[in-house]
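Below is one structure, written out as structure tokens, with a few remarks after it.
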Amino acid sequence: MKLHFLETLIGKYFSKAPKRAALLVSATLLLFTIIPLAFPIKIHSFFLINSSLWGNNITDSTANDLGVFKEAIRSCDIFRGEWVPDPRAPYYTNTTCSAIHEHQNCMKYGRPDTGFMKWKWKPDECELTEFNPSEFFETVRGKSIAFVGDSVARNHMQSLICLLSRVEYPVDASIESDDRFKRWFYTTFNFTIAAFWSPFLVKSMEAVPLAAPMTRLFNLHLDTFDDNWIAQIEGFDYVIISAGHWFFRHIIFYEKGKVVGCSNCQHKNITDLGMYYGYRRAFRTAFKAINALQNFKGTTFLRTFSPAHFEGGLWNQGANCIRTKPLKSTETKLEGTNMELYMTQIEELGDAERVGRERGHKFRVIDTSHAMLMRPDGHPGRLGHWGEENVTLYTDCVHWCLPGPIDSWNSFLLEMLKEEVGRSVLR
């Protein structure tokens, strides 16, 4: 069956989500200025069954031979489930992994509870295999993975490095001195991990450099590729795209070199088109850039938006994220801003997949939104420095403690990489 999920999905998604919450806007604006370095509707099983987005291009003539593999990759939606206790976790600590960014080093700076580390994701209808670093290395031997996005993308990459540190720690193979563009190489397995900083995914620049955090303004060229990553990914086997929180900033939108509007710019002569306008077009341009690569033979993964969890006020007026246990799926759901961002990504990925299919390009989705919505206990909060230090550090309910819930993303990733290897064998 061919995949026509956009039409089906939009038909079900018949009402617009509410406008973004002021709390989330205020919280994110300054948090990502201070830490510039630091992705309940049943669409998931639809992806699995209808196959084209997931690459299950299996014809009827080979169905008998490939039936077992088809059933394995279609029988369970690994992204829908619950968090269950895992007394054996964590599988690394801040003393065994040196890749943890200070602001996500919750154990080092004295988080009083440890229970947030002792949970694992359990899909509703199957088991998600525990992350096995040896199995991961064998799956990616001789290959490469690039993480493209903001500091949450980097958070994801550091989680992977920490999980793999039980077998091998990489050497720094960066080709430039800028810490926003890092490459790590695992010599035993001829495997490369790279991080490319691109918080908006498209060409951007700060309009008023060194301005005060709350007045920083960015010029975003929504129809222009960001060559900082596009020019470098063509040789990678897997590319993980994610972005979101930077779009809450003050932004001027450009198309064809001209101002077309803004988001949260408070400029009387510029029409405020809203955050979603820029978010949609940025992903559209990013996917278009990938589809325009003539020699790219890799697989592109969209990692869906990771919700923040500010509670109890505004980010600078008492807000925090101090919960110590996950929520159950019945206690929360994607809605409002989280739903709008999520749907925007999924819709644009569908369009990109249809175009890319004709060019041999592969697009997949790592749907982390639902699972992470249920983890308000997993953020650094007000940690990130010693209590007696005279530093300004804002409450962080956006990034994730390491070790912590974000490690599950790499269990998802390993499962999907194994499926990719299986598909390549069957082709």
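Considering only region 350-381, state which residues are among the aliphatic types (A, V, I, L, M) and within 24 Å of D407 (Cβ to Cβ).
First, pick out the residues of region 350-381 that are among the aliphatic types (A, V, I, L, M): 352, 355, 365-366, 371-374.
V365, I366, A371, M372, L373, M374, listed by residue number.
Every residue in region 358-398 that is among the charged types (D, E, K, R), open to solvent by 10 Å² or more (accessible area, probe 1.4 Å) and modelled with pLDDT under 95, please. Talk me through it step by step, then tell me what you get.
Just the residues of region 358-398 that are among the charged types (D, E, K, R), to begin with: 358-359, 362, 364, 367, 375, 377, 382, 388-389, 396.
Pick out the ones that are also open to solvent by 10 Å² or more (accessible area, probe 1.4 Å) and you get 358-359, 362, 382, 388-389.
E358, R359, R382, E388, E389, listed by residue number.
Of all residues being among the charged types (D, E, K, R) and touching an Asp or Glu at 6+ places or on another chain (Cβ under 8 Å) in region 233-256, which is nearest to V208 (Cα to Cα)? Just the residue, please. Walk me through it before giving the result.
If we filter region 233-256 for residues that are among the charged types (D, E, K, R), which is where we start, we get 234, 237, 249, 255-256.
Of the ones still in play, those that are also touching an Asp or Glu at 6+ places or on another chain (Cβ under 8 Å) are 255-256.
Details: E255: 20, K256: 21 Å.
The extreme case among them is E255.
Can you list residue pairs whose Cβ atoms sit under 6 Å apart, with the first residue in region 110-131 being under 24 Å from R382 (Cα atoms) and the second being open to solvent by less than 30 Å² (accessible area, probe 1.4 Å) and not in a loop (DSSP other than H, G, I, E, B)? Count only pairs 6 or more apart in sequence or on different chains.
Listed pairs, sorted by first residue: W119/W83.
Applying the selection to region 109-122, what residues are crowded, with 17+ Cβ neighbours inside 10 Å and either touching a helix residue (DSSP H, G or I) at 6+ places or on another chain (Cβ under 8 Å) or not in a helix (DSSP H, G or I) (or both)?
Quick first cut of region 109-122, residues crowded, with 17+ Cβ neighbours inside 10 Å only: 109, 111, 116-117, 119-121.
Hits for region 109-122 are Y109, R111, F116, W119, K120, W121.
Just to be sure, is G318 open to solvent by less than 10 Å² (accessible area, probe 1.4 Å) and more than 21 Å from W409 (Cβ to Cβ)? Don't jump to the end; show me each part of the working.
Details: open to solvent by less than 10 Å² (accessible area, probe 1.4 Å): no; more than 21 Å from W409 (Cβ to Cβ): yes.
Criteria not met by G318.
Select from region 256-299 the residues that are closer than 15 Å to D226 by Cβ and not in a helix (DSSP H, G or I) and write down the one among them that is least open to solvent (accessible area, probe 1.4 Å).
L293
The values are calculated or read from the model by the stated rules, or taken from the named source; none is laboratory data. What you see is a predicted model, and the numbers here were worked out from it, not measured in a lab. Every residue, glycine among them, receives a Cβ derived from its backbone with ideal geometry; neighbour counts consider all protein chains shown. With ligands, DNA and RNA removed, areas are computed over all heavy atoms of the protein, side chains included. Shrake-Rupley method; radii C 1.70, N 1.55, O 1.52, S 1.80 Å.
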